[in-house]
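Below: one structure, written as structure tokens.
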Amino acid sequence: MSDEETSDDARWQQLAVLREEFPDFLTFLRLGMEWMGFSLSDIQEDIGEYIANGPVYRMAQAQRGQAKTTIVGFYGFFRIIHDPSLRILIISSGEDMATEISAFIVRVIMNWEVLECLRPGAG
């Protein structure tokens, strides 16, 4: 077995562990927010619950500062953990915001040890 195959096997095993450890989104979201240094407020928990379990077509609206973008970012990570073939499209009203969201996603993947298996060359 080549090093690349061993690396891929390790990555799939790590994803399987994450799926077992985080069967629901709110548990994953709480841990992610704690990693960022925040606790999950009741409103943020409601947003997370709606994003994860709402109708097929949904949109979260809340005041500025309610961490909507962060919650949706963590939901993207959660979905990829549970379905690695999933592709996520970032749509924003402006280029600057889309760039910030993309940078946030890369920063979290590269720095949060829980997501190590999603890093390029991980395994």
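The values are calculated or read from the model by the stated rules, or taken from the named source; none is laboratory data. On a predicted model such as this, the values are computed, not experimentally measured, just so you know. Cβ placement follows ideal geometry from the backbone for every residue including glycine, while neighbour counts extend to all protein chains displayed. With ligands, DNA and RNA removed, areas are computed over all heavy atoms of the protein, side chains included. Shrake-Rupley method; radii C 1.70, N 1.55, O 1.52, S 1.80 Å.
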request  = Filter region 32-44 down to the residues that are open to solvent by less than 60 Å² (accessible area, probe 1.4 Å) and not in a loop (DSSP other than H, G, I, E, B), then identify the one that is farthest from A62 (Cα to Cα).
outcome  = G32
note = Within region 28-79, residues aromatic (F, W, Y) and within 23 Å of T99 (Cβ to Cβ) come out as W35, F38, F74, Y75, F77, F78
remark   = Checked against (1) assigned to a helix (DSSP H, G or I); (2) more than 21 Å from E45 (Cβ to Cβ); (3) free of Cβ contacts under 8 Å to residues at least 12 places away in the same chain, S85 satisfies every condition except (1)
request  = Please work out which residue is nearest to the chain's Cα centre (by Cα), limiting yourself to region 53-78 and to residues that are of a type in the set (S, T, N, Q) and surrounded by 10 or more Cβ atoms within 10 Å (Cβ to Cβ).
outcome  = T70
note = With criteria (1) over 12 Å from the mean Cα position of the chain (by Cα); (2) crowded, with 19+ Cβ neighbours inside 10 Å; (3) at pLDDT 95 or above, F28 comes up short on (1)
